[in-house]
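Everything below concerns the one structure shown next.
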Amino acid sequence: MTLVQLRHLIALADQASFSKAAEAVHLSQPALSRSIRALEDELKLPLVDRIGRRIELTAQGRETLERARQIVFDADELRTAARQVGQRLAGSLRVGLGSGPGALLMGPLLRTVSTAHPQLRLDIRRSGTDLLVQSLRERDLDALVVDARSLQPAPDLRAEFVDEMRGAFMVRRGHPLARRRRPVGFDDLRRYPIASTPLSDEVARVLVERYGPQAHPQSCVTLRCDELSSLADLARQGDAVLLAVRAVAPDLVELRLDPPLAATARFGLVTLARRTQPPALALLRDVMRVSLCG
């Protein structure tokens, strides 16, 4: 049994066709068939049912496939780790940033790499948590920094929690609500557009507990997008009320609410479990500690 044979089985399962799988692994179809038959002979198990032009894995084939994927994954990771032994901070780092972390981290990370590590190729992607996790699982990204409360726990994900950051309702200086001397009620907020990024279920729960059903984000948020910096600019230039982590817009005025908001975002670094981490990930951790933990 060889890694090549296991890769052939994985390709066959992914393509569900000998001809397409052979093309994917750059073999002739007869050569791929011989490889699969040799694997079946060695394991003394039928792995594939050939139904005309279609193929289906047998029950033994499905179990073998699951183990084959893990073996090939581990072998690839071993090869990657070997290449990185003694490697300096170079190569590439592909990072996915959620809306809050993106507003806080993108500038410092870009500046640190461009000035202190110009040999490092940095690729930053901004999106929602679900799409970023998909890209991480597809190995298009090395790591994510997201609000951990928007992350669905899974055995293939490893999360390192960095810090909790306080949320707030914020407006520009001179906003009618900022001139009030008494605390602001939620009914007062709703007289103006409320802007935020997509919020976690935990934040939605806190809002409803404190201010009632009208405060659920699906009801009260009228301006929603993933680019928090754009929403902050909107609040600076008009009467929109921004609901976000306080640190993303320290120039805005934080409103005193009755009762107080008391909601937080819990930022974390997310990687794939059992995957070899690139050396440059240490740099990202350093920037996170400075930018998120102060």
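The values are calculated or read from the model by the stated rules, or taken from the named source; none is laboratory data. Note that this is a predicted model, so its numbers are computed, not measured. As a convention, Cβ positions derive from the backbone with ideal geometry for all residues, glycine included, and neighbour counts pool all protein chains shown.
Summary of values
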read-out	value
Any chance VAL248 is in the same structural domain as TYR211 (by TED's automatic domain parsing), on the phi < 0 side of the Ramachandran plot and buried (at least 20 other Cβ atoms within 10 Å of the Cβ)	yes
Residue that is nearest to MET106 (Cα to Cα) [pool: residues in segment 268-286 that are polar (S, T, N, Q) and part of a loop (DSSP other than H, G, I, E, B)]	GLN277
Residue tally, condition in contact with a strand residue (DSSP E or B) (Cβ under 8 Å, 6 or more places away or on another chain) and surrounded by fewer than 18 Cβ atoms within 10 Å (Cβ to Cβ), over segment 278-291	3
Close pairs (7 angstrom Cβ cut-off, 6 or more residues apart or separate chains): in contact (Cβ under 8 Å) with a residue 12 or more places away in the chain in segment 267-293, surrounded by fewer than 15 Cβ atoms within 10 Å (Cβ to Cβ) and assigned to a strand (DSSP E or B) anywhere	GLY268/GLU160; GLY268/PHE161; LEU269/GLU160
Unmet criterion (only one of (1) farther than 13 Å from THR271 by Cβ; (2) touching a Phe, Trp or Tyr at 6+ places or on another chain (Cβ under 7 Å)) for VAL145	(1)
Helices (runs of 4 or more DSSP H) completely within segment 1-58 that count 3 or more residues being at pLDDT below 90 and more than 35 Å from the chain's Cα centre (by Cα)	29-43
Unique match (being over 26 Å from the mean Cα position of the chain (by Cα) and of a type in the set (Lys, Arg)) among ARG166, ARG266, ARG173, ARG205	ARG173
Qualifying residue in segment 212-219 (condition: small (Gly, Ala, Ser), touching a strand residue (DSSP E or B) at 6+ places or on another chain (Cβ under 9 Å), part of a helix (DSSP H, G or I) and buried (at least 19 other Cβ atoms within 10 Å of the Cβ))	no
Counted residues, segment 237-267 - those being in contact with a strand residue (DSSP E or B) (Cβ under 9 Å, 6 or more places away or on another chain) and not in a loop (DSSP other than H, G, I, E, B)	15
Residues (under 23 Å from ARG158 (Cα atoms), assigned to a strand (DSSP E or B) and among the basic types (Lys, Arg)) located in segment 91-138	ARG94, ARG125, ARG126
Residues (free of Cβ contacts under 8 Å to residues at least 12 places away in the same chain and crowded, with 16+ Cβ neighbours inside 10 Å) located in segment 186-207	ASP188
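Results for (1) within 10 Å of the chain's Cα centre (by Cα); (2) modelled with pLDDT under 90; (3) not assigned by TED's automatic domain parsing to the domain that holds LEU243, shown as yes or no for each residue.
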position	(1), (2), (3)
LEU120	no, yes, yes
ARG126	yes, no, yes
LEU132	yes, no, yes
ASP140	no, no, yes
LEU144	yes, no, yes
LEU151	yes, yes, yes
PRO155	no, no, yes
ARG181	no, yes, no
ARG190	no, no, no
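A quick yes/no check of all residues on (1) farther than 30 Å from ARG94 by Cβ; (2) over 19 Å from the mean Cα position of the chain (by Cα):
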position: GLN214; (1), (2): yes, yes
position: ASP233; (1), (2): no, yes
position: GLU254; (1), (2): yes, yes
position: GLN277; (1), (2): no, no
position: ALA282; (1), (2): no, no
